[in-house]
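The next block holds one structure in the form of structure tokens; read it before the comments.
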Amino acid sequence: MDGVETILGADPEAMVSQLLELGRDLCLRLFEGMAGLRAFDDRAVILQRQGRIGTYPTFYGEEAVQTASVVALEERDWLFPTYRQTAVVTLRGCPPLVPLLMWRGHPGGWHDVMRYRVAPVCVPVATNLPHAVGAAWGARLRSADWVALGYAGDGATSAGDFHEACNLAAVTGSPVIFLVNNNQWAISTPLRRQTRVQRLAEKAAAYGMPGLRVDAFDVFACHRVLRRAAELARSGGGPTLVEAVGYRLGPHGTADEPALYRSPAADRLWAPMEPLGRAQLGLVSAGLADAGELAEIRGRASARLLAAAEELERSPRVTLEEIADTVHLSTPWDLSPDHLREPSWAAAGE
Amino acid sequence: MSLVSYRDAVRSALRDEMLRDQRVILMGEDITGYGGSYAVTKGLVEEFGPKRVMETPIAEAGIVGFAVGAAMGGLIPVAELMTVNFALLALDQIVNSAAKCHYMFGGQWSVPLVVRTVSGFGQLGPTHSQTFEGWFASVPGLKVVMPATPADARGLLLAAIRDPDPVIFIEHSLLYSTKGELPEGEAADEEVPIGSAKVVRAGTDVTLVAYSRMLLQALQAAEELERSDGVSCEVVDLRTLRPVDYPTVVESVRRTHQLVLCGEDWRTGGFGASLLSELSDRCFDDLDAPIQRVASPDVPMAYSRQLERSLIPTSDEVVEVVRRLN
């Protein structure tokens, strides 16, 4: 792929030397992160098929980009997720039960925002990006040295908020990373119908910021590129647009059927790029890990998710008060939860 | 006591809160050198610098989204949207982000931001002369205020900036040059609580409920009706549209038994429609006649001056509606 930074896609000798440079600890940490996300995604799909959680946007194939986005940044940096990154918070230490509860519509699914520094999830695409810019700019104003990372897909680059956020970030010099996971498909709309620009990173030029391209199925390259973008932001160099180039290996979500609009042959062509298997090949051939050790990491992750799913079953039901109580921080008398059950005429008859 | 314009009253609240709290920042289009489209922020960039009075590109969704993020990051942003017509471009950020962050994350993260914007007319044509307060007032998670007097503009803006939730603060272009007294001394720092209406004229025959510019029209109508018809109108300034202070209105109706709701927005789906529905429930047994409304006809605003005049609700219309009742 043209201009796309890769480590696992390089010639074997270059690959091995770059992996050795990253070191075993970091490499295994990245692999473990991906294993955790994969286990979450696998389990969530099962739970959805069983009717135990709601419609769920799978991220199968996006584990490398997501893991790298957490590991390449510092713990004090803020992440601004969309609906497809609800499990990244588990890489910051949040138990997987929490995002599973979220997909069940349970208040226990609200992860501790301030502790993990992962913002509330935004569902309308690209709307999280201005938040990332505002937060990052605010940090700069208060001399904090954290940076913000906002997630987007290729489809989100067509939305107005993407443009407004990129422009605002560049013009204010805010320390932000726009991480665009270009998986070529926005539900059923292919990239060629989304934009005439073939390389989304080129859009960065219009805002006066750097645009980098990286192999979305290569956790090690993603880590390196995102690390560079974070360092630039932290040192006052402003925002960067990172385009992770890949392919949506799964459906858009559990309510989608890709065979309706795209060729299964293309899917088969991309399937071997699956990031865990690919990372494993690299790690084993570089002598940084053996297959048994990696299988053990994945087994532990699966067992953890199975336990979380069992705990999910034991969680109590939600009450209306619990939900209504959080509409405002300072609840005005007329909007208090008591009024939800009371017919409006009751107050007049006292 | 000196008279202060509505414009200066808004500015005084912005300035005092910026002096009081370092976290308060302003952002918006043309709010620095130009001083804002209605000259509300004039002089503030000179005093507080371009970091706290931030000139933004033309990007309403971006401005509000940015403000949501800045609020998450610990600041208290006051975002100016040039007019409420442009707030349409930011509707998603207002409704789906500002109003939802607190709720969708179990109340962990408040978004203490104020969106200041302007309603009104003045030969600006169909896309720049609209009145949308009812839309915002229908959204759980938002608070919506619409002051009519300089004192309330100041007091409510102090309350809005100090409020931990997102507040939509709607000014009125035709009120900026109106003047009134501001509280002085210690009282100057007092907020007008969000969610409190005020009986601004006592009366015995009809209750007129109004807010923003329509309050002045209702007061004028009350004078006229007293003089020519001997009808005594009680006038209630709603001041806050979400949450509405229903008890103050209900109490007034118990005294007068007749109710007229005065607004500038469209008759269909306008804020008055929601008020009417709730108040007909709460006041049904006290009412001697059906609740009446003064509202704009369901057509886009005209650009022609005389047509515009015929579309904007005035005190004459309020007088006419009251006469029909009596």
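Rule-based calculations on the coordinates, nothing more; no lab input. Please read all numbers here as calculations on a predicted model, not as lab measurements. FYI the Cβ positions are ideal-geometry reconstructions off the backbone, even for glycines, and counts take in every protein chain you see.
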### Message
Quick check for me: using +1 on Lys/Arg Cβ and -1 on Asp/Glu Cβ, what's the dipole size of chain A about its Cα centre, in debye to the nearest 20?
### Response
420 debye
### Query
What is the protein assembly as shown by shape, rounded, prolate or oblate, if you read a ≥ b ≥ c off the alpha carbon gyration tensor as root eigenvalues and call it rounded for a/c under 1.5, prolate for a/b larger than b/c, and oblate otherwise?
prolate
### Query
Most mobile of A:Ala286, A:Ala68, A:Ala216 per a Gaussian network model of chain A (Cα springs, under 10 Å)?
A:Ala286
### Message
So if I take the alpha carbon set of chain A, get Rg, then get Rh from the Kirkwood formula, what is the Rg over Rh ratio?
### Response
1.00
### Task
Could you size up the charge dipole of the stretch A:1-96 around its Cα centre, putting +1 on the beta carbon of Lys and Arg and -1 on that of Asp and Glu, and report it in debye to the nearest 20?
720 debye
### Query
Which of A:His223, B:His257 comes first, and how do the rest follow, when ranked by fewest Cβ neighbours within 10 Å?
B:His257, A:His223
### Summary
Using alpha-carbon positions, the gyration tensor of the stretch B:176-326 gives root eigenvalues a ≥ b ≥ c; with a/c under 1.5 called rounded, otherwise prolate if a/b exceeds b/c, else oblate, the class is rounded
### Query
Local charge sum around A:Leu312 (other residues, Cβ-Cβ under 12 Å, Lys/Arg +1, Asp/Glu -1)?
+1
## Note on the structure
Dividing the mean separation of Cα pairs under 8 Å (6+ apart) by the residue count of chain B yields a relative contact order in percent of 16 percent
### Message
Tell me the net charge near B:Pro150. Cut-off is 12 Å between Cβ atoms, B:Pro150 excluded, with +1 for each Lys or Arg and -1 for each Asp or Glu.
### Response
0
### Query
Pick from B:Ala273, B:Ala159, B:Ala289: which is most flexible by mean-square fluctuation in a GNM of chain B where alpha carbon atoms under 10 Å apart are linked?
B:Ala289
### Task
Any chance you could count the Lys pairs in chain B whose alpha carbons are under 24 Å apart, treating pairs 8 or more apart or on different chains as valid?
5
### Task
Lys and Arg at +1, Asp and Glu at -1: add these up for the other residues within a Cβ distance under 12 Å of A:Val98 and post the number.
+1
### Message
Could you tell me how far the Cα centroid of the stretch A:9-74 sits from the Cα centroid of the stretch B:280-304, in Å?
### Response
59 Å
### Task
Give a residue-ordered list of calculated ³J(HN,Hα) values for the stretch B:193-208 (Karplus: 6.51 cos²θ - 1.76 cosθ + 1.60, θ = phi - 60°; whole Hz; x for Gly, Pro).
x, 5, x, 10, 8, 9, 7, 9, 8, 7, x, 10, 9, 9, 9, 9
#### Entry: Relative compactness, the stretch B:97-240, computed as alpha-carbon Rg over 2.2 N^0.38 Å
1.17
### Between 0 and 90°, nearest 10: helix B:213-229 axis offset from chain B longest Cα axis
20 degrees
### Summary
The extension gain from B:Thr314 to B:Glu226, computed as 0.36 nm times the residue separation minus the Cα-Cα distance, is 30.0 nm
## Note on the structure
By the C-alpha gyration tensor axes a ≥ b ≥ c (rounded if a/c is under 1.5, else prolate when a/b exceeds b/c, else oblate), the shape of the stretch B:1-89 is oblate
### Query
Which one of A:Ala169, A:Ala186, A:Ala279 has the biggest mean-square fluctuation once chain A is modelled by GNM with Cα springs under 10 Å?
A:Ala186
### Summary
Per the 1/(1 + (r/R0)^6) rule, R0 = 56 Å and r from the Cβ atoms of B:Asp30 and A:Leu28, FRET efficiency to 0.05 is 0.55
### Task
Mind jotting down a quarter of the surface of the convex hull over the alpha carbons of the stretch A:198-285, in square nanometres, one decimal?
8.0 nm²
### Task
Give, in nm to one decimal, the length gained when the segment between B:Ser2 and B:Arg267 is fully stretched (0.36 nm per residue of separation minus the Cα-Cα distance).
91.5 nm
### Task
Divide by every residue of chain A the summed helix terms, -39500 (n - 2.57) for each DSSP H run of at least 4, and state the resulting mean residue ellipticity at 222 nm, rounded to the nearest 500 deg cm²/dmol.
-13500 deg cm²/dmol
## Note on the structure
One finds the C-alpha centres of the stretch A:256-296 and the stretch B:12-27 to be spaced, in Å, by 54 Å
### Query
Assigning unit charges at the beta carbon (Lys, Arg +1; Asp, Glu -1) and nothing else, what dipole magnitude in debye, to the nearest 20, does chain B show about its Cα centre?
480 debye
### Query
For the Cα atoms of chain B, what angle does the longest principal axis make with the long axis of helix B:315-325, in degrees from 0 to 90, nearest 10?
40 degrees
### Taking A:Arg84, B:Arg255 and counting other C-beta atoms within 10 Å, the order from fewest to most
B:Arg255, A:Arg84
### Message
In the stretch B:198-325, if the dipole is taken from +1 on Lys/Arg beta carbons and -1 on Asp/Glu beta carbons about the Cα centre, which of B:Gln292, B:Val318, B:Tyr303 is farthest to the positive end?
### Response
B:Tyr303
### Summary
Here the averaged projected area of chain B, based on the convex hull of its alpha-carbon atoms and given in nm², is 16.7 nm²
### Message
If you filter the stretch B:260-326 for chymotrypsin sites (Phe, Trp or Tyr not before Pro), then keep DSSP loop positions with at most 16 other Cβ within 10 Å, what is left?
### Response
B:Tyr303
### Task
For each of A:Cys166, A:Cys94, count neighbouring Cβ atoms within 10 Å of the residue's Cβ, then give the residues from fewest to most.
A:Cys94, A:Cys166
### With Cα atoms, 0 to 90° folded angle of helix A:291-314 axis to chain A main axis
10 degrees
### Task
Give the relative contact order (percent, whole number) for chain A; include only Cα pairs under 8 Å separated by 6+ residues.
23 percent
#### Entry: Mean ellipticity per residue at 222 nm, deg cm²/dmol - from DSSP H runs of n ≥ 4 across chain B, formula -39500 (n - 2.57)
-11000 deg cm²/dmol
### Task
Could you work out how far apart the two model spin labels at A:Glu313 and A:Ala266 are, taking each label as a point 7 Å from the Cα in the direction of the beta carbon, and quote it in nm?
4.0 nm
